[in-house]
Structures are given as C-alpha cells and as structure tokens.
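Below: one structure, written as structure tokens.
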Amino acid sequence: MKITAIEAIPFAIPYKKPLKFASGEVHTAEHVLVRVHTDDGPVGVAEAPPRPFTYGETQASITAVIDKVFAPQLTGLAPTAREAVHARLNRTVGNPTAKSAVDMALWDIIGQSLGISVTELLGGFTDRMRVSHMVGFAPPEQMVAEAQRIRDTYGITTFKVKVGRRPFMLDVEACRALREGLGDDVELYIDGNRGWTASESARALRAMDGLDLTLAEELCPADDVMGRRWLVSHTDIPFVADESATRPGEVTRELLSGSATAISIKTARTGFTYSQRVHHLCEGLGVEAVMGNQIDGQIGTLCTAVFGSAYELTARRAGELSNFLDMSDDLLAEPLRIEDGTLRVRESAGLGIELDPEKLARYRQDT
Ligand code: MUC
Ligand code: MG
C-alpha cells in the first residue's frame with residue numbers, strides 16, 4: 001500500500017464560549033482537517049489545531065507546509081514506514097501539529113487495513129478514559145457555576161483550573177471558590193501557561209495550600225531556567241511540563257534538569273509515534289503523565305482518548321477531553337459523548353472517524 005495524496009482542508013467552527021487562559025484566547029476553532037489517501041483504498045483522517053501562542057503555527061502555515069512540503073515528500077511511501085515518514089518530515093523543523101496530524105492519519109490507515117482499532121494497535125490497555133474539564137478565566141462565581149454544570153451534566157469530577165493572572169490572588173480566590181463550591185470529592189489542579197514568575201508562583205502555591213491541588217502545570221516559563229528549577233524543587237506536588245516539553249528531547253531535558261516532575265502528553269503535537277516515545281520516557285524515568293488537550297475539536301479529542309486508553313500510565317489519570325463541549329458544532333457524523341465522566345473510544349478499525357459530509361461542506365474554508 002502506498003500514500004497517493006494528502007489533503008489539508010482549512011475549516012472554521014465558532015466556540016459557544018471562548019476559552020481564556022494566560023497565553024491566549026480561542027474564539028473559533030480554525031483547524032485543518034488532514035486526509036491521507038492510499039492506492040489500496042483506506043483514507044486516514046486527523047485534525048491539526050493551529051496554536052500560534054504555543055507553537056508558532058497558523059492555519060495558513062499548516063495547509064502550506066502540508067501541501068507544498070510534506071505531501072510531495074511522503075507520496076509513494078508505505079503508511080507503515082513510519083521511520084521513513086518521520087525522517088522526511090523532520091527535514092523541516094517545527095510544525096508539530098501539521099506533522100502530528102499526518103502521523104495520526106497514517107496510524108488510522110494502518111488500523112483500518114489490519115481491521116483493529118488504533119488503541120489496540122498502540123497498547124490496548126482499556127477502551128475509555130475518565131475526563132478532566134478545563135475551566136478558563138472568568139469571575140470566580142462563573143467558574144464555579146461552569147464546573148457545577150459540567151459535573152451535573154456529564155459526571156466529570158476532575159477540573160483543571162487556568163491560572164496565571166495578575167495579581168495572583170485573583171486565581172487563588174477562584175481556586176478557593178471552586179473547592180468550596182464543589183466540595184472535597186472533586187480533583188482540582190492548575191495550569192498557569194507561563195503567566196507568573198517563579199516567585200509569584202511560589203507565593204500563589206503557598207496561598208493555595210490546603211486546597212488539595214494534585215498537579216501544577218507551567219506556572220512560570222521554563223526559559224527562566226534557574227527560577228523554574230528553584231520553584232520545582234520547592235513544590236511538593238507534581239509540576240507538569242506542557243508547552244516546555246513538546247518532543248522527546250525536551251521531555252528528557254526538562255525532567256533531568258529538574259524543571260518538571262510530570263509530563264503532559266498531547267497527541268496534537270506528538271501524534272501517536274512521538275507520543276509513544278514520550279510515554280515510554282515517562283514510564284522509564286518513573287514520572288506521571290497526563291493526557292493534555294490542545295483545545296482540540298472532536299477528531300483531536302478522539303485521537304487523545306485513543307492514545308490515552310492504550311496505556312496504563314496514561315489511563316490512570318483523567319484526560320483533558322472536554323474542550324469540544326464549548327464548540328457550536330463539529331465534523332463527526334456520530335458526535336462524541338461523555339457519560340458518567342467517561343469518554344469511550346470506538347470499536348471500529350483505525351480511529352473510527354466518520355465525517356459528516358454536509359458539515360464538512362458547511363465549515364470548510366477552501367471552496
Ligand atoms: C493547556 O493545557 O495549556 C492552552 C494553551 C496550550 O498550549 O494548550 C492549551 C491548554
Ligand atoms: Mg497546559
């Protein structure tokens with residue numbers, strides 16, 4: 001089987017409620033649908049979410065690099081030849097979400113052609129993940145009301161609270177209100193998207209002592225090298241590297257240098273092939289991992305759940321799988337459903353993605 005063509009289709013779907021956090025805001029999902037075609041028939045599907053504030057990619061850069069660089073380089077290769085595929089993709093630095101969407105579409109093709117799901121192909125640990133919901137910036141009472149609605153509607157009991165505002169007491173108050181409003185049975189953790197300095201982070205963590213936070217993610221920039229190591233060495237909960245650990249080399253560097261003690265794995269930026277390597281590093285080094293969300297749509301969320309449920313380490317914690325709930329619509333023929341706080345992967349071969357042709361026609365921006 002050979003790759004015959006790769007399509008990169010820009011589409012835009014508005015959010016009902018934008019997500020706001022320390023490094024940016026997302027109002028519209030301006031993503032890129034990637035379809036890899038083969039001479040044997042299977043078509044692999046994935047999506048790339050441009051996040052200029054994290055990776056520098058834009059919707060236009062993703063479509064351009066796929067159309068002009070990756071598609072010509074990969075056409076003619078076998079979808080199973082992942083090392084050869086990545087050797088060619090890696091001739092171009094950066095562009096992580098464009099590369100990852102191509103990678104995940106190839107795994108979709110391999111699963112389809114073998115007649116098994118990608119979760120089974122990767123590791124087959126389970127068929128579902130518990131879901132963690134991300135609560136963006138808003139006045140504390142609105143953050144509490146949102147978390148209560150999400151708990152009551154979907155049974156979700158794990159919440160990642162966006163922090164990193166100034167003064168930091170704004171976020172301390174929001175976290176306190178969430179703990180008081182939701183009670184002791186929910187899990188709360190925080191993500192600062194590099195919004196604070198190391199010393200602000202330390203003061204904020206001290207002020208939040210007693211709230212039983214389980215993880216602290218990217219509170220200050222990893223580029224503030226000494227400050228960040230100092231903070232991590234003074235923090236008694238796992239300190240998660242997200243945007244500072246976007247590929248295996250960075251994961252190793254951040255962990256071994258003491259800049260992080262846990263890792264966020266995002267299939268949107270490491271696909272399945274490099275997410276496996278990040279997972280294996282975490283397992284080998286003995287650190288916790290959490291399946292993160294790149295503010296994915298339903299296709300990206302399904303990919304995250306497919307990977308997360310493949311391994312014991314990634315299935316242990318709730319995965320961030322609910323950002324799509326804030327979108328006004330999506331492209332899947334059968335929408336994802338979160339029930340009892342859980343998202344199940346699909347039994348079908350490959351990723352189990354079936355697109356709704358009318359929705360694709362409505363939201364695509366290239367026609
Ligand atoms: C997250 O975990 O940080 C927001 C920025 C980004 O890079 O990803 C999202 C969610
Ligand atoms: Mg994060």
Using +1 at the C-beta of Lys and Arg and -1 at the C-beta of Asp and Glu, which of V93, V43, I110 has the Cα lying farthest in the positive direction of the dipole of the range 3-114? V93
Farthest toward positive dipole pole in the chain [+1 Lys/Arg, -1 Asp/Glu at C-beta], among A262, G352, I66: I66
List R91, R166, ordered by accessible area with a 1.4 Å probe, largest first: R91, R166
Placing one identical point scatterer on every Cα of the range 108-160 and ignoring solvent, what is log10 I(q)/I(0) from the Debye formula at q = 0.13, 0.25, 0.29 Å⁻¹? -0.53, -0.88, -1.07
Under 5 Å between amide H atoms, partner at least 5 residues away or on a different chain: which partners does E57 have, H built in plane at 1.01 Å? R51
Amide hydrogen neighbours beyond the local backbone of T38, cut-off 5 Å, H modeled: T4
Report ³J(HN,Hα) in whole Hz for each residue of the range 163-178, in order, from the Karplus equation J = 6.51 cos²θ - 1.76 cosθ + 1.60 where θ = phi - 60°; Gly and Pro get x. 10, x, 7, 10, x, 5, 5, 4, 6, 4, 5, 4, 5, 4, 4, 5
Binned Cα-Cα distance frequencies in the range 49-147 - 10 Å width, integer %: 13, 31, 28, 20, 8, 1
Helical contribution to [θ] at 222 nm, DSSP H n ≥ 4, -39,500 (n - 2.57), averaged over the chain, rounded to 500: -11000 deg cm²/dmol
For a label point 7 Å from the Cα of R253 along Cα→C-beta, name the residues of the range 39-63 whose backbone N is under 17 Å from it. 54-56
Diffing the range 64-79: the Karplus 3J(HN,Hα) column from phi (6.51, -1.76, 1.60, θ = phi - 60°), in whole Hz with x for Gly and Pro, holds 5, 5, 6, 4, 8, 10, 6, 4, x, 6, 9, 4, x, 7, 7, x
What does the accessible area of M1 come to, in Å² to the nearest 10, when a probe of 1.4 Å is used? 70 Å²
Links exceeding 31 Å between C-alpha atoms in this model, out of K17/K359; K68/K162; K99/K162; K2/K160; K266/K359, come to K68/K162; K2/K160
Hey, if we sort T158, T126 by accessible area with the 1.4 Å probe, largest down, what's the order? T126, T158
7 Å from Cα along Cα→Cβ at both R206 and E141: what's the point-to-point distance in nm? 3.2 nm
Counting DSSP beta bridges with both ends in the chain, the antiparallel % (nearest 5): 55 percent
Sort K2, K99, K16 by accessible area with a 1.4 Å probe, largest first. K16, K2, K99
Compute the distribution of all C-alpha to C-alpha distances in the chain, in bins of 10 Å from 0, and list the percent of pairs in each, rounded to whole numbers. 5, 26, 35, 24, 9, 1
The chain - charge dipole about Cα centre, Lys and Arg +1 at Cβ, Asp and Glu -1, debye rounded to 20: 740 debye
Take the Cα atoms of the range 305-367, build their convex hull, and give its volume per residue in Å³. 121 Å³
Regarding the range 150-212, what are the three Cα extents along the principal axes, ordered largest first, in Å? 37, 21, 14
Quick one: 3J(HN,Hα) in Hz for the range 183-193, Karplus 6.51/-1.76/1.60 with θ = phi - 60°, rounded, Gly and Pro as x. x, 7, 7, 8, 8, 10, 9, 10, 9, x, 6
Solvent-accessible surface (1.4 angstrom probe) belonging to H234, in square angstrom, nearest 10: 130 Å²
How big is the C-alpha Rg of the range 175-263 next to the rule-of-thumb value 2.2 N^0.38 Å, as a ratio? 1.08
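The values are calculated or read from the model by the stated rules, or taken from the named source; none is laboratory data. Please read these numbers as outputs of a predicted model, since none were measured by experiment. Please note: Cβ atoms are built from the backbone with ideal geometry, for glycine as well, and neighbour counts cover all protein chains shown. Quick note on the areas: whole protein, heavy atoms, side chains included, nothing else; ligands and nucleic acids left out. Shrake-Rupley method; radii C 1.70, N 1.55, O 1.52, S 1.80 Å.
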